[in-house]
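The values are calculated or read from the model by the stated rules, or taken from the named source; none is laboratory data. As the structure is a computational prediction, the values presented were derived from the model and not from experiment. So basically every Cβ, Gly included, is an ideal-geometry build from the backbone, and we count neighbours across all protein chains shown.
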Amino acid sequence: MKSNEKLTTGALRTKATICNGCRKPVCYGAAEGGREVPCPFCGDPVYLKPLEGFTVEKVPGGRRLAVLAAALATVSALAAAAWVLKPKSAAVSALIGRCVAPEQAVAPAEARVSGSGIRVAVTDVRMDRPLLRYPALGSECRAERPVLCLRLRLTNPGKEDTGYRTWRQGGAVLRSRLGALSPCSYGQYIHPAGIVPAETLAAGSVAEDMIFFICEAAPDDDLLLELDGSNCGGRGSLGIKIPKTALVR
């Protein structure tokens, strides 16, 4: 199998798998199972798992719409079930969460993470060379090139501690009218100066974090930040619209 193969244009796509690179769903037809293709979003190779015992048949034009309608009805049913039934695993939670449009807030207003109650706000947006802390060297140094820096405020209003994994390690997508911006990571053990790495958000506490995105120039339009709720004990995703007026110039 070659990783440079592409998804068949015009194929009836009723199957889906998750890309390990960008964590987005890749839909494909049953006849395409068993191949490795580039992810249409990030380009990483994605293996399309075949279904054992599935017989491929041509779908007449009249039945094609009926099959597509049935597939859409299934997705709608899963989305409705997400509001009624609590998922039994993080994998199921993430899959259902991606089928439901994220709750949106407009910065600097807070967005709430479903399932954990953690509140997230974007408090600062600017193009800058972030000051980075190198714990192994005990020193700080600015990054070589400017990136788009987003400062976040995380509030845990609950009575229980909640686990936390920084979105610098994955789970953050920033979209503009031209497409998604690539996240920027400086490594697991390098963090922004002044930001204390935390694996837990204590009950009643407020913490800060920063995430970075590669951007050649300051955006001149509104942005949409999408965050994976599982990074702080929740489910699904949340969205924060960032008006272009919020960018510090």
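Structure notes:
- Filter result for ALA203 (surrounded by fewer than 18 Cβ atoms within 10 Å (Cβ to Cβ), farther than 23 Å from GLY233 by Cβ, touching a Lys or Arg at 6+ places or on another chain (Cβ under 7 Å) and small (Gly, Ala, Ser)): no
- Condition broken by ARG165, with the remaining ones in (1) surrounded by fewer than 16 Cβ atoms within 10 Å (Cβ to Cβ); (2) touching a Leu at 6+ places or on another chain (Cβ under 7 Å); (3) under 18 Å from SER116 (Cα atoms) satisfied: (2)
- GLY115 being at positive phi, part of a loop (DSSP other than H, G, I, E, B) and either crowded, with 18+ Cβ neighbours inside 10 Å or touching a Ser or Thr at 6+ places or on another chain (Cβ under 8 Å) (or both): yes
- If only residues of the range 132-147 that are touching a Leu at 6+ places or on another chain (Cβ under 7 Å) and not in a loop (DSSP other than H, G, I, E, B) are counted, the one that is farthest from ARG249 (Cα to Cα) is GLU140.
- Residue in the range 216-245 that is farthest from ARG145 (Cα to Cα), counting only those that are hydrophobic (A, V, I, L, M, F, W, C) and surrounded by fewer than 18 Cβ atoms within 10 Å (Cβ to Cβ): LEU224
Matching residues to (1) assigned to a helix (DSSP H, G or I); (2) at pLDDT 60 or above:
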site	(1), (2)
ARG13	no, no
CYS22	no, yes
GLY34	no, yes
VAL37	no, yes
LYS49	no, yes
GLY53	no, no
VAL56	no, no
ARG64	yes, no
ALA73	yes, yes
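- Among the residues of the range 156-187, the ones that are under 18 Å from the mean Cα position of the chain (by Cα) and either part of a loop (DSSP other than H, G, I, E, B) or of a type in the set (Val, Ile, Thr) (or both) come to 10 in all.
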